[in-house]
Amino acid sequence: MNIIVNGALGRMGQHMCRVIEASGDTLAAAVDRAGGEGVYTALTDYTGPADVVIDFSNHAGARELVDYCVARKLPLVAATTGYTPEEFAILEEGAKSVPVFQSYNMSVGVALLARLVKQAAAIFGGCDVEIIEAHHNRKADAPSGTALLLADAVKEKRPDAEYVFGRSGQHKRQPNEIGIHALRMGNVVGEHEVIFATDSQTISLKHQAHDRALFAEGALTAANFAAKQAPGLYHMDDLLGP
């Protein structure tokens, strides 16, 4: 495949370019607004061959990104985090014209974790649920998109659940709460733990990322999947299959 990487000079973008080159696929264009030798400063500057766009840039560029993919009929892998509801609506709009694969975490392992979380939420309906996530001290958004993805997996089975972001003061925990707690420290790649607790037992489901390359590998898997799909909005659960 000929792959365009948007946000190519960022930490994840650089991993993505290396993974593509090692895979035997072709890095059709590296795009980053910082520019540099061999790097386009805008998507619209590149008009050459392409089969898919992988985006590891910034959520604020959603409109430009989607417009480019729709204009060129290119599948999109939206691998960045922090989308606002308005920006996510732009992705949904684009998905009417081209395949859009969106995940707040490109790890296949995290996708499996979300599936297990959903199963646990269905079985332990009355338990307390707490989510703890940890990332490096440079991450801007909190809680992480992955923590929200896991919370959504619980809420799918417990529609009355309410998200509580951290705790302070004198407030008793309510039965329908999902506590979400964010840690920012050092150079942690990414850790997510979902805890299910009853009065008699506790179940903990946890995923740890050891190398950021795993997200690039997942994004490449997603790109291969998206390139074969009809227009629509796809997620990691679609990639895992039934």
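Couple of notes before you dig in:
- Within segment 68-86, the set of residues being over 15 Å from ASP141 (Cα atoms) and either open to solvent by 40 Å² or more (accessible area, probe 1.4 Å) or part of a helix (DSSP H, G or I) (or both) comprises TYR68, CYS69, VAL70, ALA71, ARG72, LYS73, GLU86.
- Check on ALA111, within 18 Å of LYS228 (Cα to Cα) and open to solvent by less than 40 Å² (accessible area, probe 1.4 Å): no
- Matching residues in segment 125-163 - criterion: being more than 14 Å from PHE196 (Cβ to Cβ), in a strand (DSSP E or B), open to solvent by less than 40 Å² (accessible area, probe 1.4 Å) and not charged (D, E, K, R): ALA134, HIS135
- Taking segment 178-190 as the range and being buried (at least 17 other Cβ atoms within 10 Å of the Cβ) and either among the hydroxyl-bearing types (Ser, Thr, Tyr) or at pLDDT 95 or above (or both) as the test, the residues that pass are ILE178, GLY179, ILE180, HIS181, ALA182.
- Test for GLY166: is it on the phi > 0 side of the Ramachandran plot and open to solvent by 40 Å² or more (accessible area, probe 1.4 Å): no
- Condition check for ILE90: free of Cβ contacts under 8 Å to residues at least 40 places away in the same chain, surrounded by fewer than 23 Cβ atoms within 10 Å (Cβ to Cβ) and on the phi < 0 side of the Ramachandran plot: yes
- Residue check for ILE195: over 26 Å from ALA216 (Cβ atoms), of a type in the set (A, V, I, L, M, F, W, C) and touching a residue at least 60 places away in the same chain (Cβ under 8 Å): yes
- Among the residues of this structure, THR221 counts as one that is modelled with pLDDT of 95 or more, within 19 Å of LEU112 (Cβ to Cβ), of a type in the set (S, T, N, Q) and not in a loop (DSSP other than H, G, I, E, B).
- Of all residues in segment 193-214, those satisfying the criterion of being within 14 Å of VAL110 (Cα to Cα) and crowded, with 19+ Cβ neighbours inside 10 Å are VAL194, HIS207, ALA209, LEU214.
- If you go through segment 7-48 and keep only what is in contact with an Asp or Glu (Cβ under 9 Å, 6 or more places away or on another chain), open to solvent by 60 Å² or more (accessible area, probe 1.4 Å) and assigned to a loop (DSSP other than H, G, I, E, B), you end up with LEU9, THR41.
- Scope segment 215-233; condition open to solvent by 40 Å² or more (accessible area, probe 1.4 Å) and not polar (S, T, N, Q); matching residues: GLU217, PHE225, ALA227, LYS228, ALA230, PRO231, LEU233
- Tabulated pairs, segment 138-152, first farther than 17 Å from ASN187 by Cβ, second open to solvent by less than 50 Å² (accessible area, probe 1.4 Å) and among the aromatic types (Phe, Trp, Tyr), C-beta under 8 angstrom, 6+ apart or interchain: GLY145/TYR83
The values are calculated or read from the model by the stated rules, or taken from the named source; none is laboratory data. Just so we're clear, the structure is a prediction, and the values are computed from it rather than from any experiment. Cβ atoms come from the backbone with ideal geometry, glycine included; neighbour counts cover every protein chain shown. Just the protein is used for accessible areas: all its heavy atoms, side chains included, with ligands, DNA and RNA removed. Shrake-Rupley method; radii C 1.70, N 1.55, O 1.52, S 1.80 Å.
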